[in-house]
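Encoded as structure tokens, the structure appears first; notes follow it.
The values are calculated or read from the model by the stated rules, or taken from the named source; none is laboratory data. Owing to the predicted nature of the structure, the values given are computational and were not obtained by experimental measurement. With ideal geometry, Cβ positions are generated from the backbone for all residues, glycine too; neighbour counts draw on all protein chains shown. For the accessible areas, the whole protein counts, side chains as well, though only heavy atoms, and no ligand, DNA or RNA atoms are used. Shrake-Rupley method; radii C 1.70, N 1.55, O 1.52, S 1.80 Å.
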Amino acid sequence: MYVDVLVPLPLAGQFTYLLPDALSSQTVVGSRVVVPFGQKRHYTGIVTRLHAAAPAGDVKVKDVISVLDPQPIILPRQLKLWEWMADYYLCAEGDVLKAALPSGFHIESDTLEQYYRPRTESRVCLTPAYHGSEHAEALSGFIGSLRRAPKQQAVLRRFLELAGYEEGRCLREVSRHELLASDDISASSFSTLVEKGILSVYEAEVSRLQKLALSDIRCMPLTDVQQHALEQINGSWQQHDVCLLHGVTSSGKTEIYMHLIQEALQRGQQVLYMMPEIALTSQMQQRLRRVFGGRLGVYHSKFSDAERVEIWKKQLSDEPYDIILGVRSSVFLPFRRLGLVIIDEEHENSYKQQEPAPRYHARNVAIVLAAQFGAKTLLGTATPSVESYYNATTGKYGLVTLTQRYQSVQMPDIEIVDIKELRRKHRMAGNFSPRLIAAIRDALSRGEQAILFQNRRGYAPMVECKTCGWVPRCERCDVSLTYHRRLSQLVCHYCGNVYRLPARCPQCEEANLVHIGLGTERIEEELHALIPEARIDRMDLDTTRAKTAYERILDDFAHQRTDVLIGTQMVSKGLDFAHVSVVGIMNADTMLSFPDFRSYERAYQLMAQVAGRAGRRDRQGLVILQTRSTDIPVVSQVRRYDYRGLFDSQLAEREAFRYPPFTRLLFIYLRGRDERRVSEAANAMKRRLDTLFGSRVLGPEAPPVSRVHGLHIRKIMLKLELNYHPHTARQQLHQLLADMSAQGELSGVVTHFDVDPM
Ligand code: ADP
Ligand code: ZN
Ligand code: ZN
């Protein structure tokens, strides 16, 4: 017997090994095996095929060393999906394997004995004296009596919220861990409640979590408008596998998703619910937990490796989660009866993995995954990507539109403030216009909150010597450094390298260094000086590195322990806060100046999304949009919520300049330490490409940041018309690389492809 094995290496193809007789009874397709590789190395690979065909030629076939799983940990459909990804995104299947499998699975010592050992956890419940509708009054009386013990009250309230307490009954089980998870819950107050006989603790097996009965799932009733949309979605799925739900912010898209999830569960199907960023999942997790209880599992990279392995195994077991909430990596989880895929905020470019390979678009992979199961896909957003909206208006996808906010609250009023004019008149306080400061003050005086958005982190994107014009740059990358004041450091946002801020200019020795531009840290400092009594928090890459940082920041804001939340695009999406009445867009111009065919689309999406955070529950919110470019069309499109206008103008441009969705883009990157080498290789590749693809080849060019991590970069672009067969293109490209390598034209150069770049 032979097995073909896929190893986690960026190499094309799979490798054949001999399966010793002793192992052959335990080995199945999809199980892990340890195999020798090269001279001395061992790898954990996945069996993709068992067969009797000895490899051709007189290669010495090595033996499989051991088998780790008696049952497959990768299902056949997953192997198929990986194969598709490697083919479509022009990378090695080993790259896909590496991205797909939690690295805990790559460890050899994780052997079969450990396979699915049930784990227990401590759970919390109400004692019998306080549980049940007959004791509901006693419970509320007790809560009232805790007025002087606010910490205990907070613990009890949090418990009831997590348990979905309703008319005397708890709808779901609560673990001690999740109850004590946030900083505002005191463990000693919890113990006091246990001593007083209100709460009690018991041990339960995690994997045998009691499922919330289907009949206990209670979604909120939909409004007539939402109900109509739900029916339209179901109707559109009769003809299309994919439906786009274009609904303004706060129209109740999430409520509709929950009804669709409930319907899928009733059909006995599983649901994959994807969000673009981990920051968003914690709020959504709470919202979905309240309704679906222990049927929901969450999966993303902030979980430890052991936790991810555990979820993966649970999905393989007889009692998998019915609903998986996750970010892009959740498309890799094993499913057996997937029936519905929801892709929230489908326009987000964080669905695209940039680095390393596979450079996949999780929205598109999820659509392929759904197709494998004959499942339906719903793309939801207030600001569709041009590609998806084009698919929906040309009949490839279904389209359902919601134009009204829940309870017909008006969309926030967007006021444009001309900061160029105000600066000229010296009326700006730092980066704040008088109108913005007044609006924030107003909101705070009414006990409301504000969100301030700036798409750059750090203090200032650039430092410059006012005397001689010297700008500190990264030694390894071709970019200027960002100043981070709190750390008093200069940071390269491309490679992460950190430098000390010199006291004097190293070129002219004058002490005349100034900060240019605006980052979130500077906004925080300025606002603190302007409104000292405001409680301010900041959410960006720098403040959210710790595992629970997102939760802490969002939880503080949700419970109004902070008044103003400042942040990068992290604050722009999906979050639903009841008391935010003002949103400030600090400077729209930084979004409009990117040299990219998507920059207007993105600017519109970011601004419309962040604007949507204002006034979400009962009354109209206010958005102050500060810009120097008041006359740019996209600014007035945002002000009027004119998505259609944005779409039509962008589509016309895309057609005129032959960009997606009218063509397919494929970038080829060449990187290397020696700039001359890289440049020569790029030119050689260009000549070869020209003979194959003619005028479809553009470049090579040095990208705007042409050196990163000490590697020089060249980029070649292919623009393929839609009827250019992708399979042919892929074969041509593979062949071309093989030819160039054989001729030594790629020595010292690393290449990679980026298919459908974002
Ligand atoms: P979207 O996802 O479109 O931004 P949400 O589903 O988050 O909108 O709804 C916005 C707010 O309105 C949420 O607080 C939600 O709970 C509330 N809401 C929407 N629809 C309903 C409904 N049918 N019943 C009760 N509350 C609703
Ligand atoms: Zn100088
Ligand atoms: Zn750098």
Considering the stretch 70-94 alone, what residues qualify as being closer than 18 Å to V35 by Cβ and of a type in the set (D, E, K, R)?
-> E93
Residue that is closer than 24 Å to L288 by Cα and open to solvent by 40 Å² or more (accessible area, probe 1.4 Å), where the choices are A187, A181, A138 = A181
Can you name every residue in the stretch 514-546 that is within 29 Å of V471 (Cα to Cα), away from ligand 2 (no atom under 16 Å from the Cβ), free of Cβ contacts under 8 Å to residues at least 60 places away in the same chain and β-branched (V, I, T)?
-> T543
Flagged in the stretch 694-720 as touching a strand residue (DSSP E or B) at 6+ places or on another chain (Cβ under 6 Å), of a type outside the set (K, R) and farther than 29 Å from C477 by Cα, in numbering order, are L720
The stretch 45-61, residues that are in contact (Cβ under 8 Å) with a residue 12 or more places away in the chain and either in contact with a Leu (Cβ under 7 Å, 6 or more places away or on another chain) or of a type in the set (D, E) (or both) = G45, I46, T48, V61
Pairs returned, first residue in the stretch 731-747 that is in contact (Cβ under 8 Å) with a residue 24 or more places away in the chain, second residue that is assigned to a loop (DSSP other than H, G, I, E, B) and of a type in the set (K, R), beta-carbon separation under 6 angstrom, 6 or more apart or interchain, are none
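Residue-by-condition table, conditions (1) assigned by TED's automatic domain parsing to the domain that holds Q605; (2) out of contact with any Leu (no Cβ under 6 Å at 6 or more places or on another chain):
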position: V623; (1), (2): yes, yes
position: T627; (1), (2): yes, yes
position: I632; (1), (2): yes, yes
position: R640; (1), (2): yes, yes
position: A682; (1), (2): no, no
position: L692; (1), (2): no, yes
position: S695; (1), (2): no, yes
In the stretch 395-409, what residues are open to solvent by 80 Å² or more (accessible area, probe 1.4 Å) and either touching a Pro at 6+ places or on another chain (Cβ under 9 Å) or under 16 Å from T223 (Cβ atoms) (or both)?
-> T403, Q404, Y406, Q407
Scanning the stretch 62-79 for residues that are without any contact (Cβ under 8 Å) to a residue 60 or more places away in the chain and over 20 Å from L101 (Cα atoms) gives K62, D63, I65
If you take the residues in the stretch 570-595 that are polar (S, T, N, Q) and either under 22 Å from G247 (Cα atoms) or surrounded by 24 or more Cβ atoms within 10 Å (Cβ to Cβ) (or both), which one is farthest from ligand 2 (Cβ to nearest atom)?
-> S581
Can you spot a residue in the stretch 411-419 that is under 30 Å from L554 (Cβ atoms), open to solvent by less than 30 Å² (accessible area, probe 1.4 Å) and either of a type outside the set (V, I, T) or within 16 Å of ligand 3 (Cβ to nearest atom) (or both)?
-> yes
Would you mind finding the one in S385, S304, S330 that is in the same structural domain as T401 (by TED's automatic domain parsing) and without any contact (Cβ under 8 Å) to a residue 24 or more places away in the chain?
-> S304
When you scan the stretch 43-64, how many residues do you find that are surrounded by 14 or more Cβ atoms within 10 Å (Cβ to Cβ), in a strand (DSSP E or B) and of a type outside the set (G, A, S)?
-> 7
Residue check for C508: within 16 Å of ligand 3 (Cβ to nearest atom) and either part of a strand (DSSP E or B) or out of contact with any Pro (no Cβ under 9 Å at 6 or more places or on another chain) (or both) | no
Out of all the residues in the stretch 65-83, is one or more touching a Gly at 6+ places or on another chain (Cβ under 6 Å), modelled with pLDDT under 95 and either under 30 Å from P726 (Cα atoms) or not in a helix (DSSP H, G or I) (or both)?
-> yes
Restricting the stretch 518-536 to residues that are open to solvent by 40 Å² or more (accessible area, probe 1.4 Å) and of a type outside the set (A, V, I, L, M, F, W, C), which is nearest to the chain's Cα centre (by Cα)?
-> R522
Scanning the stretch 483-513 residue by residue, those within 12 Å of ligand 2 (Cβ to nearest atom) and either of a type in the set (F, W, Y) or touching a Phe, Trp or Tyr at 6+ places or on another chain (Cβ under 8 Å) (or both) turn out to be C505, P506, Q507, C508
Name the residues in the stretch 22-42 that are without any contact (Cβ under 8 Å) to a residue 40 or more places away in the chain and in a strand (DSSP E or B), would you?
-> V33, V35, P36, F37, R41
Is there a residue in the stretch 55-64 that is of a type outside the set (F, W, Y) and at positive phi?
-> yes
Which of the residues spanning the stretch 709-727 are open to solvent by 60 Å² or more (accessible area, probe 1.4 Å) and closer than 26 Å to T663 by Cβ?
-> L722, N723, H725, H727
Selection from the stretch 537-560 of residues that are within 19 Å of the chain's Cα centre (by Cα), of a type outside the set (S, T, N, Q), over 20 Å from R485 (Cβ atoms) and assigned to a loop (DSSP other than H, G, I, E, B) | A546, K547
Report, by residue number, each residue of the stretch 446-482 that is within 16 Å of ligand 2 (Cβ to nearest atom) and touching a strand residue (DSSP E or B) at 6+ places or on another chain (Cβ under 6 Å).
-> M462, V463, E464, C465, K466, V471, P472, R473, S480, L481
Filter the stretch 411-447 down to residues that are among the charged types (D, E, K, R) and over 21 Å from M607 (Cα atoms) and give me whichever is nearest to ligand 1 (Cβ to nearest atom).
-> R446
What do you reckon, is D556 in the same structural domain as R640 (by TED's automatic domain parsing), more than 30 Å from S301 (Cα to Cα) and open to solvent by 20 Å² or more (accessible area, probe 1.4 Å)?
-> no
Here are some conditions: (1) under 20 Å from T543 (Cβ atoms); (2) open to solvent by 50 Å² or more (accessible area, probe 1.4 Å); (3) away from ligand 3 (no atom under 13 Å from the Cβ); (4) of a type outside the set (F, W, Y). H493 meets all but one. Which one does it not meet?
-> (3)
Exactly one of A511, A549 is free of Cβ contacts under 8 Å to residues at least 12 places away in the same chain, open to solvent by 50 Å² or more (accessible area, probe 1.4 Å), away from ligand 1 (no atom under 16 Å from the Cβ) and at negative phi, and that one is A511
Could you list all residues from the stretch 457-483 that are within 16 Å of ligand 3 (Cβ to nearest atom), closer than 23 Å to S593 by Cα and either open to solvent by 50 Å² or more (accessible area, probe 1.4 Å) or touching a residue at least 40 places away in the same chain (Cβ under 8 Å) (or both)?
-> R457, G458, P461, M462, V463, R473, C477, D478, V479
